[in-house]
Amino acid sequence: MAVDATRNRTSGAHQLEPERRRLERELERLRNRNERLQRDLADSLERLAEADKQNHEKDKEIAELERKLGLRMQNSATSSKPPSSDGLAGAQRQRCSRKKKSGRRPGGQPGHKGHWRTPASADKVSEIVHVFPPECRHCEHRFEGGPEPATRGEAQRHQVTELPQIEAHITEYRCESAVCPDCGKVTPAALPAAVRSAFGPELTALIAYLTVVCRMPRRVVLEMLSRVLSVDLSLGSIQSGWEEASEAVAEPCAELERELRNQPVINSDETGYRTNGEKRWLRALVTPAFIFYKIAASRGAEVLTQLLGAVFAGILCSDRCPSYLKYHAGGAQYCWAHFKRNILGAQLLAKTTEAERFCRDALALHARLFRLWHRFGAGPEVRYGPVTREELIRKSIPLEKKFFALAERHLDSEDRDVRNLSRALFSQFERFFTFLREEGVEPANNSAERALRPAVQWRKTSFGSRSPEGEVAVARLLTVSHTCRLRSIQPLAFLADAIRAHRKAQPVPSLFN
């Protein structure tokens, strides 16, 4: 029986051997298939990762292109671009004003009080002509040819302003050689220093005035003097007169530069300039008493240190250019007009609900703040009535708190523009609200921008300067012309007086006192 059992087990093992070999082959096949599937899965995962990477790069590229397109769509109302960059052929920029068109015709409306030119005073009238009627309209009595009739009441005045015949006044100086009666020798006369120039002070001042104030190119000045005054000059003569005017006003401009450090409030802004093709910066500093211009090779804080000293005791009003923050750690006011344009630009580029909400809330708070500001110092006709300085400060406190909370909530925003605006408002919070508490401080830097505009217009026609001396001349003559306008001084008369004093080696009139 034991032999039978052994035989049966052997027989069973021989019967199971094929099945075992089949299962081993199936297992090997499954293992190979599993390896192939794992390799295919790894390849698929690698391809998927590469596709995800490419999609991510494409998304970034699309976002960057959309941002560039949004930046191209910005204009002077939503960025710091000048209005001249908006162009004439493009779409009309959206104004910030909510005022709708009334549909009325342009010009004075019915009932509007008219305005007329004020007649000149009696001391300015060169000639008076009495006009009488030719005859009596009642009995037809003739007044002509007889004595002047008696008059009654005040005569009706009518003034006609006319230019006299313009022609150049030429003075010839003849330097004689005198013979001494004692020694018999000859002594030639020297030309007086005040008349050594070929052009008088008035003509030299007119050349500078037409160039700086009227922003006329030198060739146009040359044409005007030749056609209107019959004065034949050359371009070199125009340039020489312009440079002499610059030398004549050197001391008044130096005096204004020294006074910059003592001013309580200064508004500053700068724009690009070129000297012989090289980059320069034209800076305007506006004070309550004068306007000073400076052309420098740098936009940095070292220029402010040179002009205002290492420490400026007053309040410096500007945009958020880093050079101002680096230079001045004291009182400052950042321009709300720039900040509002930045918000509008961020709103135009916003891609998320968070960014849109931030811009909407910031603009709403800005509108409330400036409705309050416009009531300050306004007349009784202003809506809701004027407010005093104390009421302005008290009513603005809740708005300041809301601005601070809004900036704090978005310090880590995913939107780059919103994050930058929030951090600027949060870190420099006090510098945005100085105008509420300090007299003479405006919330916007418009005075400095307005001072730069004529300089930019002149730059566009002159294409900059050719030398460092030309830079100095441009800055000086801009300073004189705009300071004269601010102080209600005739620029042409001041330039003539300055040139006359300069030629006689006498003190030049001051622009500050």
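The values are calculated or read from the model by the stated rules, or taken from the named source; none is laboratory data. For clarity, every value in this text was computed on a predicted model and none was experimentally measured. Cβ placement follows ideal geometry from the backbone for every residue including glycine, while neighbour counts extend to all protein chains displayed. What goes into the accessible areas is simple: the full protein's heavy atoms, side chains included, and nothing from ligands, DNA or RNA. Shrake-Rupley method; radii C 1.70, N 1.55, O 1.52, S 1.80 Å.
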Ratio of the Cα radius of gyration of segment 98-231 to 2.2 N^0.38 Å, where N counts its residues: 2.04
Square roots of 5 times each gyration tensor eigenvalue, C-alpha, segment 440-498, largest first, Å: 22, 19, 9
Ratio of the Cα radius of gyration of segment 361-478 to 2.2 N^0.38 Å, where N counts its residues: 1.48
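In terms of the ratio Rg/(2.2 N^0.38 Å) built on C-alpha atoms, what value belongs to segment 324-372?
In units of the globular-protein estimate, segment 324-372 measures up at 1.39.
Give me the 1.4 Å probe accessible area per residue for the chain, excluding ligands and nucleic acids, in Å².
67
Can you give me the % of accessible surface on segment 329-465 that is carbon or sulfur? Probe 1.4 Å, all protein chains present, nothing else counted.
The C+S portion of the solvent-accessible surface of segment 329-465 is 52 percent.
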Degrees separating the helix 353-375 axis from the principal Cα axis of the chain, which is the longest one: 30
Mean Cβ neighbour count within 10 Å, used as a protection proxy, ranking 147-157, 243-253 highest first: 243-253, 147-157
Chain lengthening between L399 and R485 when straightened (0.36 nm per residue, less Cα-Cα): 27.2 nm
Relative packing of 437-450, 174-187, which averages over residues the other C-beta atoms within 10 Å, highest first: 437-450, 174-187
Placed amide H near Q333: partners under 5 Å, 5+ positions off or other chain: L316, C317, S318
Amide hydrogen neighbours beyond the local backbone of V387, cut-off 5 Å, H modeled: F376, G377, A378
Förster radius 56 Å - calculated FRET efficiency between A337 and D40, Cβ distance, rounded to 0.05: 0.35
Qualifying aspartates and glutamates (Cα of each under 14 Å from Cα of K401; at least 8 residues distant if same chain): D361, E430
Sites T161 and K326 - FRET efficiency at Förster radius 51 Å, r taken between beta-carbons, to 0.05: 0.40
Rounded to whole Å, sorted largest first: equivalent-ellipsoid semi-axes of segment 134-212, Cα gyration tensor: 59, 24, 10
Rounded to 5, the percent of DSSP beta bridges in the chain classed as antiparallel: 70
Cα pair distances of segment 254-375 binned at 10 Å [whole percent]: 12, 34, 28, 21, 6, 0
Built amide H within the under 5 Å cut-off of S465, gap 5+: R274, T275, N276
Cα centroid of segment 152-199 to Cα centroid of segment 265-303, whole Å: 41
Global size of the chain as Cα Rg and Dmax, reported in angstrom: 40.5, 181
Segment 204-325: equivalent-ellipsoid semi-axes (sqrt of 5 x gyration tensor eigenvalues, Cα, Å): 34, 16, 12
Residue among S413, L41, H141 farthest towards the positive dipole end of the chain, charges placed on Cβ: L41
